[in-house]
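Engineer: Just passing along the structure, written as structure tokens.
The values are calculated or read from the model by the stated rules, or taken from the named source; none is laboratory data. This structure is a prediction, so every number in the text was calculated from the model and none was measured. Neighbour counts are summed over all protein chains in view; Cβ atoms, including those assigned to glycine, are modelled from backbone coordinates with ideal geometry.
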Amino acid sequence: MVKFRLNVAIWVLLAAVVMNACNSKKHPSSLKPGKLSKKTEVVYTSKDGKPKKGKKGAKAADTPDGFAVAPYKAQAVGPGLVFIEGGRFTMGALEEDVMNSRDNRERTVSVQSFFMDETEVANIHYLEYLHYVQRDSSAEVYAKALPDTTVWFDPLSFNDSYVTYYFRHPGFRMYPVVGVSWVQANDYSIWRTNLVNSSLAGKFDSKGAQARKVGKKKGAESDATSAGGNSRPPVESGFVLPNYRLPTEAEWEYGAKAMIGTQYADENQTNQRIYPWDGSAMRNPKGRKKGQMLANFKRARGDYAGIAGKSNDGAIITEEIYSYTPNDFGLYNMAGNVNEWVYDVYRPLSYMDVKDLNPLRRDGFLDDSKRYDQKNNNSVINDKLRVYKGGSWSDVAYWLSPGTRRFLDQDSSTAMIGFRCAMISAGKNK
């Protein structure tokens, strides 16, 4: 009797599952929009113009010129990029404001998911860029793209050899490029976008589709565009990647802190982070690399690397881009090695003005440079000052905290500033 009741219960349960499956409908999604429009019941056409087979009773497209819906799996991960899942975090300086700048007070913001270069752009990558610029552009454009190698020269130091060899010698291939201004880094990002998408355009054309020509942009963008080709598939094809660009200050700081490594249970975090790792120490506290430095920085006056043969950061100046332990997002050297340009224009009051969702200061909106007394040399604020972050081989540990920020004119460069690129995540949050 008990066995009979058990069998009946199983059959009832199976029937309920089957009925539920029959009644449930699969809703269209971005990856699977269906074969016909939910609003018009007109069949979508494929990329070759032929109507897709719709449900019974659906109206077929009258002509091959119907609305085409290309197949799409997901946004491809661009070369060199790491996915960063977005979320909220406390942006701003967490250490004592020893510079008394009061320009990055703590506030809670949210950042959409995005991609970021796992490393800084190295000399070999920038030399690749120069190769294409020299091949495809004028001598004037090529000259504008060259990094300033004289940033290494100091009349009171013997750094002369770096002026000649740091950028071009094979021994420094994988070291971060320096002497690059914000404008040059931005131009590199435009060129990289076009070159990567030109490669994708070839794959798109090989499937029988026609790539669309993209017109030249004005100013510096047109120079950089000409170096990387100017044809790419339409955005609707799904073959095109969003633009490589410099990360916003919020994106950079969010990626550097990598608070994902402090989470447990439901939206709980064990601690905040002063640096891209836990704790306030600069050495690895455990494991095979216990005692080794976690970043490349200046430990004290005159101490750039520690004692030879002992556990130290191993670098008098910069170090290769894959050196040291990556943070919990898989990003290398988000503290030390070189500072990095970000997209934002500098304003001391940005933390008060910008939005709390994907914050960005792109110009003087709400905080015009006319408010600052440049005329009497009481201020340097203008719309050409750009933020850089992260600390470098020449900075003390204070500047390695992601919340600290400094600024420099967008046309200037130093031996302590490099860059990496970022990209939006189109429709992908996790």
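Engineer: Just for the range 157-186: of the residues that are in a loop (DSSP other than H, G, I, E, B) and in contact with a helix residue (DSSP H, G or I) (Cβ under 6 Å, 6 or more places away or on another chain), which one is farthest from Leu408 (Cα to Cα)? Let's see the steps before the verdict.
Structural biologist: As a first pass, look at the range 157-186 and keep what is in a loop (DSSP other than H, G, I, E, B): 157-159, 166-169, 173-175, 177-181.
After this cut, where a residue has to be in contact with a helix residue (DSSP H, G or I) (Cβ under 6 Å, 6 or more places away or on another chain) as well, the list is 159, 166-167, 173, 175, 177, 179.
Details: Asn159: 23, Tyr166: 23, Phe167: 22, Arg173: 26, Tyr175: 22, Val177: 17, Gly179: 13 Å.
My answer is Arg173.
Engineer: I'm trying to understand the selection: among the residues of the range 144-177, which are among the aromatic types (Phe, Trp, Tyr) and surrounded by fewer than 18 Cβ atoms within 10 Å (Cβ to Cβ)? It would help to see each step written out before you state the result.
Structural biologist: Going residue by residue through the range 144-177, those that are among the aromatic types (Phe, Trp, Tyr) are 152-153, 158, 162, 165-167, 172, 175.
Of everything in the range 144-177, those that are among the aromatic types (Phe, Trp, Tyr) and surrounded by fewer than 18 Cβ atoms within 10 Å (Cβ to Cβ) turn out to be Phe153, Phe158, Tyr165.
Engineer: Sort out which residues of the range 240-270 are free of Cβ contacts under 8 Å to residues at least 60 places away in the same chain and within 27 Å of Ala185 (Cβ to Cβ), and write them in order of number.
Structural biologist: Within the range 240-270, just Val240 meets the criteria.
Engineer: Here is a further query. Can you tell me which residue within the range 71-84, out of those that are surrounded by 15 or more Cβ atoms within 10 Å (Cβ to Cβ) and over 18 Å from Thr193 (Cα atoms), is modelled with the lowest pLDDT?
Structural biologist: Quick first cut of the range 71-84, residues surrounded by 15 or more Cβ atoms within 10 Å (Cβ to Cβ) only: 72, 75, 78, 80-84.
Remaining after also requiring over 18 Å from Thr193 (Cα atoms): 72, 84.
On the way: Tyr72: 79, Ile84: 96.
Ranking the qualifying residues of the range 71-84, first place goes to Tyr72.
Engineer: I've got another one for you. Do any strands (runs of 3 or more DSSP E) lying entirely in the range 342-430 carry at least 3 residues that are buried (at least 22 other Cβ atoms within 10 Å of the Cβ), and which ones are they? Let's see the steps before the verdict.
Structural biologist: Values: elements: 385-389, 406-409, 422-424.
Strands (runs of 3 or more DSSP E) meeting the threshold: 385-389.
Engineer: Another question about this same structure. Could you tell me whether any residue of the range 308-320 is under 20 Å from the mean Cα position of the chain (by Cα), in a loop (DSSP other than H, G, I, E, B), surrounded by fewer than 15 Cβ atoms within 10 Å (Cβ to Cβ) and in contact (Cβ under 8 Å) with a residue 60 or more places away in the chain?
Structural biologist: Narrowing the range 308-320 to residues under 20 Å from the mean Cα position of the chain (by Cα): 320.
Cutting the leftovers down to in a loop (DSSP other than H, G, I, E, B) gives us 320.
Now restrict to residues that are surrounded by fewer than 15 Cβ atoms within 10 Å (Cβ to Cβ): none.
Scanning the range 308-320, I find no residue that is under 20 Å from the mean Cα position of the chain (by Cα), in a loop (DSSP other than H, G, I, E, B), surrounded by fewer than 15 Cβ atoms within 10 Å (Cβ to Cβ) and in contact (Cβ under 8 Å) with a residue 60 or more places away in the chain, so the answer is no.
Engineer: Among all residue pairs at least 6 apart or on different chains, which show Cβ distances below 7 Å where the first residue, located in the range 365-380, is under 21 Å from Lys355 (Cα atoms) and the second is part of a loop (DSSP other than H, G, I, E, B) and modelled with pLDDT of 90 or more?
Structural biologist: The qualifying pairs are Asp367/Arg347; Ser369/Ile381; Ser369/Asn382; Ser369/Asp383.
Engineer: Is it the case that Ala209 is surrounded by 15 or more Cβ atoms within 10 Å (Cβ to Cβ), assigned to a loop (DSSP other than H, G, I, E, B) and at pLDDT below 80? Walk me through how you get there before you give the answer.
Structural biologist: Details: surrounded by 15 or more Cβ atoms within 10 Å (Cβ to Cβ): yes; assigned to a loop (DSSP other than H, G, I, E, B): yes; at pLDDT below 80: yes.
It is true that Ala209 is surrounded by 15 or more Cβ atoms within 10 Å (Cβ to Cβ), assigned to a loop (DSSP other than H, G, I, E, B) and at pLDDT below 80.
Engineer: Answer with yes or no whether Ala397 is within 21 Å of Val180 (Cβ to Cβ) and in contact with a Gly (Cβ under 9 Å, 6 or more places away or on another chain).
Structural biologist: Judged against the criteria, Ala397 is not a match.
Engineer: Determine if the range 357-364 includes at least one residue that is over 22 Å from Asp395 (Cβ atoms), of a type in the set (A, V, I, L, M) and out of contact with any Phe, Trp or Tyr (no Cβ under 6 Å at 6 or more places or on another chain). First the steps, then the outcome.
Structural biologist: Step one: list which residues in the range 357-364 are over 22 Å from Asp395 (Cβ atoms), which gives 357-364.
Next, from what is left, pick out any that are of a type in the set (A, V, I, L, M): 357, 360.
Among the residues that remain, those that are also out of contact with any Phe, Trp or Tyr (no Cβ under 6 Å at 6 or more places or on another chain) are: 357, 360.
Within the range 357-364, one or more residues are over 22 Å from Asp395 (Cβ atoms), of a type in the set (A, V, I, L, M) and out of contact with any Phe, Trp or Tyr (no Cβ under 6 Å at 6 or more places or on another chain).
Engineer: Another one. Just give me the residues in the range 287-298 being surrounded by 10 or more Cβ atoms within 10 Å (Cβ to Cβ) and at pLDDT below 90, in sequence order. Steps first, answer last, please.
Structural biologist: Looking only at the range 287-298, we keep the residues that are surrounded by 10 or more Cβ atoms within 10 Å (Cβ to Cβ), and these are 289-298.
Those that are surrounded by 10 or more Cβ atoms within 10 Å (Cβ to Cβ) and at pLDDT below 90: Lys289, Lys290, Gly291, Gln292, Met293.
Engineer: Mind listing just one residue for me: the one in the range 299-317 that is farther than 22 Å from Pro176 by Cβ and small (Gly, Ala, Ser) and, of those, modelled with the lowest pLDDT?
Structural biologist: Here is the first cut: in the range 299-317, the residues farther than 22 Å from Pro176 by Cβ are 300-302, 307-311.
Filter once more, keeping what is small (Gly, Ala, Ser): 300, 302, 308-309, 311.
On the way: Ala300: 90, Gly302: 91, Ala308: 85, Gly309: 79, Ser311: 66.
That would be Ser311.
Engineer: One residue is enough: does the range 346-354 have a residue meeting the conditions assigned by TED's automatic domain parsing to the domain that holds Gly390, under 21 Å from Phe115 (Cα atoms) and acidic (Asp, Glu)?
Structural biologist: Of all residues in the range 346-354, those assigned by TED's automatic domain parsing to the domain that holds Gly390 come to 346-354.
Those left that are additionally under 21 Å from Phe115 (Cα atoms): none.
No - not one qualifying residue is present in the range 346-354.
Engineer: Of the residues that make up the range 396-405, is at least one assigned by TED's automatic domain parsing to the domain that holds Asp97, farther than 27 Å from Asp303 by Cα and touching a residue at least 12 places away in the same chain (Cβ under 8 Å)? Quick ask: steps written out before the conclusion?
Structural biologist: Step one: of the range 396-405, the residues assigned by TED's automatic domain parsing to the domain that holds Asp97 are 396-405.
Then drop every residue that is not farther than 27 Å from Asp303 by Cα, which leaves none.
Checked against the condition, which is being assigned by TED's automatic domain parsing to the domain that holds Asp97, farther than 27 Å from Asp303 by Cα and touching a residue at least 12 places away in the same chain (Cβ under 8 Å), the range 396-405 yields no hits at all.
Here is a yes/no grid of residues against (1) among the β-branched types (Val, Ile, Thr); (2) under 29 Å from Ile424 (Cα atoms); (3) out of contact with any Ser or Thr (no Cβ under 7 Å at 6 or more places or on another chain):
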position	(1), (2), (3)
Tyr264	no, yes, no
Asn268	no, yes, yes
Ile274	yes, yes, no
Gly287	no, no, yes
Met293	no, no, yes
Lys298	no, no, no
Gly309	no, no, yes
